[in-house]
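The values are calculated or read from the model by the stated rules, or taken from the named source; none is laboratory data. These numbers come from a predicted model, not from an experiment. Every residue, glycine among them, receives a Cβ derived from its backbone with ideal geometry; neighbour counts consider all protein chains shown.
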């Protein structure tokens, strides 16, 4: 369905912190955003440790965080545990974006407090649909800024 | 292995942008042997948890080369390795070999 002007008006441009160690996955998301013609700003951190550095340095104020789980150095769950203890970061909606459907990980993430758990589909068209839906939804939300 | 690596996923992703495809495949080509080597080393040392993480990373590349059945096998293998079980090693190595042979023939 074509997007109307009123649809566009209510969607926000999001500042997204994408925590992902795999260069191919990073290229995939960036490419998908380009093809969807959305103007969100993506900053990539290759692991949880780098993501915390970015948050502390305040170079960006992410509206949402997309978080992979399986990463070297500091994985997604370790990152969540730390950010949830920090007053300035713990409110940032964090959506798990992973290929892992491990029920233990999922439960642990929801216990720690996440805003969503999205499994990356195998097929590209399904991947695009999920990314579009996710960003449309968050673009409609009122978010804490600054 | 009943399926063959292919570029349909990459074509869909690139939307016909050949420069993007080349760049993308160059990275896959560069990383795949390194990831495979790490996996082999961890299996040889019976570091199954580490090997599970290697399989997890390799799954991205399996899906990019359009190997859906192999992706399912890799998913199962990753779960097994996490539990310390190493039964699908040969089938998994067969997938990696097929991918590497295929990529060798592709100009990037």
#### Entry: Members of region A:37-49 that are within 14 Å of chain B (Cβ to nearest Cβ) and at pLDDT below 90
A:37
### Task
Search region B:79-99 for residues that are without any contact (Cβ under 8 Å) to a residue 60 or more places away in the chain and pair each with any residue that is exposed (fewer than 14 other Cβ atoms within 10 Å of the Cβ) and part of a helix (DSSP H, G or I) when their beta-carbon atoms are under 7 Å apart and the residues are at least 6 apart or on different chains.
B:82/B:49
### Query
Can you pull out the residues in region B:1-12 that are facing chain A (nearest Cβ under 10 Å) and touching a residue at least 12 places away in the same chain (Cβ under 8 Å)?
B:8, B:9, B:10
### Query
Residues of region A:34-70 being part of a strand (DSSP E or B) and over 30 Å from residue B:75 (Cβ atoms), which ones?
A:41
### Message
Tell me whether region A:50-67 contains one or more residues that are under 23 Å from residue B:82 (Cα atoms), surrounded by 13 or more Cβ atoms within 10 Å (Cβ to Cβ), touching a helix residue (DSSP H, G or I) at 6+ places or on another chain (Cβ under 6 Å) and at pLDDT below 95.
### Response
no
### Summary
Note on residue B:52: of the conditions (1) more than 17 Å from residue A:23 (Cα to Cα); (2) surrounded by 13 or more Cβ atoms within 10 Å (Cβ to Cβ); (3) out of contact with any helix residue (DSSP H, G or I) (no Cβ under 7 Å at 6 or more places or on another chain), unmet is (3)
### Task
Check region B:55-76 and report whether any residue there is in contact with a helix residue (DSSP H, G or I) (Cβ under 9 Å, 6 or more places away or on another chain) and over 30 Å from residue A:33 (Cβ atoms).
yes
### Task
Name the one entry in A:105, A:125, A:136 that is under 15 Å from the mean Cα position of the chain (by Cα) and not in a loop (DSSP other than H, G, I, E, B).
A:136
### Task
Determine whether region B:67-86 contains at least one residue that is crowded, with 19+ Cβ neighbours inside 10 Å and more than 29 Å from residue A:104 (Cα to Cα).
no
### Task
Could you check, for region A:78-100, whether at least one of its residues is part of a loop (DSSP other than H, G, I, E, B), within 14 Å of chain B (Cβ to nearest Cβ) and surrounded by fewer than 17 Cβ atoms within 10 Å (Cβ to Cβ)?
no
#### Entry: Residue match in region B:36-56 (condition: facing another protein chain (nearest Cβ under 7 Å) and outside any loop (DSSP other than H, G, I, E, B))
yes
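For (1) away from every other protein chain (no Cβ under 11 Å); (2) surrounded by 16 or more Cβ atoms within 10 Å (Cβ to Cβ); (3) more than 19 Å from residue A:81 (Cβ to Cβ), each residue gets a yes or a no:
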residue: A:105; (1), (2), (3): no, yes, no
residue: A:109; (1), (2), (3): yes, yes, no
residue: A:117; (1), (2), (3): yes, yes, no
residue: A:124; (1), (2), (3): no, yes, yes
residue: A:128; (1), (2), (3): no, yes, yes
